[in-house]
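**Q** The structure is given below, and queries will be raised subsequently.
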Amino acid sequence: MIIDPSGDKLNLPLNFLVKTPFLNYTTPGTILFILLGVFPLLLIFPMMSKQQSSGFGFLNIYAHYHWVWTYTLYISIILIAWVDVQLIVFKNLPLLQNVFGLYGLLMLIVVLLPAVKRDYRIEKHKINHRRNKIQESK
């Protein structure tokens, strides 16, 4: 979409954008690339390491959870919302969009599982961090 704003390479006719505020696919492509491409990739390492960083917590509305848990929740909701908006605007979507919608729903379900929520609670990180420091000092 960014490389070919006309949508020809993806078989997306510009008439799909008639009822939208977009003249071509540059803006939707950029939004998708950043929110659903780059941003999730940037969450992989913090999700595995669970290191605390005060710099990323400013958008964390769930302060008792690690910011990466909250941001993953945001990404899943954004993905579901994006597919829903496309369904409303375009009515008829390719099968791939349904796959992305199901992926967003699956991601949302997993992030809300009690075991996952428990694992990303801030208190648990503090305890594990203390244990690691104690083990390192031995």
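The values are calculated or read from the model by the stated rules, or taken from the named source; none is laboratory data. Quantities reported herein were computed from a predicted structural model and do not represent experimental measurements. Cβ atoms come from the backbone with ideal geometry, glycine included; neighbour counts cover every protein chain shown.
**Q** Can you tell me how many residues in segment 31-59 are exposed (fewer than 14 other Cβ atoms within 10 Å of the Cβ), touching a residue at least 12 places away in the same chain (Cβ under 8 Å) and under 19 Å from residue 100 (Cα atoms)?
**A** Count: 1.
**Q** Can I ask one more? Would you say residue 130 is out of contact with any Gly (no Cβ under 7 Å at 6 or more places or on another chain), of a type outside the set (A, V, I, L, M, F, W, C), modelled with pLDDT under 90 and farther than 27 Å from residue 4 by Cβ?
**A** Considered against the rule, which asks whether it is out of contact with any Gly (no Cβ under 7 Å at 6 or more places or on another chain), of a type outside the set (A, V, I, L, M, F, W, C), modelled with pLDDT under 90 and farther than 27 Å from residue 4 by Cβ, residue 130 comes out as yes.
**Q** Sticking with this structure for a sec: Out of curiosity, is residue 70 within 19 Å of residue 121 (Cβ to Cβ), hydroxyl-bearing (Ser, Thr, Tyr) and in a helix (DSSP H, G or I)?
**A** So residue 70 passes the test.
**Q** Right, here's the next one. Go through segment 1-39 and count every residue that is out of contact with any helix residue (DSSP H, G or I) (no Cβ under 9 Å at 6 or more places or on another chain), farther than 22 Å from residue 75 by Cβ and among the small types (Gly, Ala, Ser).
**A** The total comes to 0.
**Q** Which of the residues belonging to segment 7-43 are polar (S, T, N, Q), assigned to a loop (DSSP other than H, G, I, E, B) and at pLDDT 90 or above?
**A** Selection gives 24 alone.
**Q** Before we move on, is residue 102 closer than 19 Å to residue 10 by Cα and either modelled with pLDDT under 90 or small (Gly, Ala, Ser) (or both)?
**A** no
**Q** For a quick check of your reading of the model, give me the residue pairs whose first member lies in segment 76-102 and is exposed (fewer than 14 other Cβ atoms within 10 Å of the Cβ), whose second is modelled with pLDDT of 85 or more and in a helix (DSSP H, G or I), with beta-carbon atoms closer than 7 Å and at least 6 apart or on different chains.
**A** Between residues of segment 76-102 that are exposed (fewer than 14 other Cβ atoms within 10 Å of the Cβ) and residues that are modelled with pLDDT of 85 or more and in a helix (DSSP H, G or I), there is no close pair.
**Q** Next up: Being outside any helix (DSSP H, G or I) and more than 9 Å from the chain's Cα centre (by Cα) narrows it down to one of 86, 52, so name that one.
**A** 52
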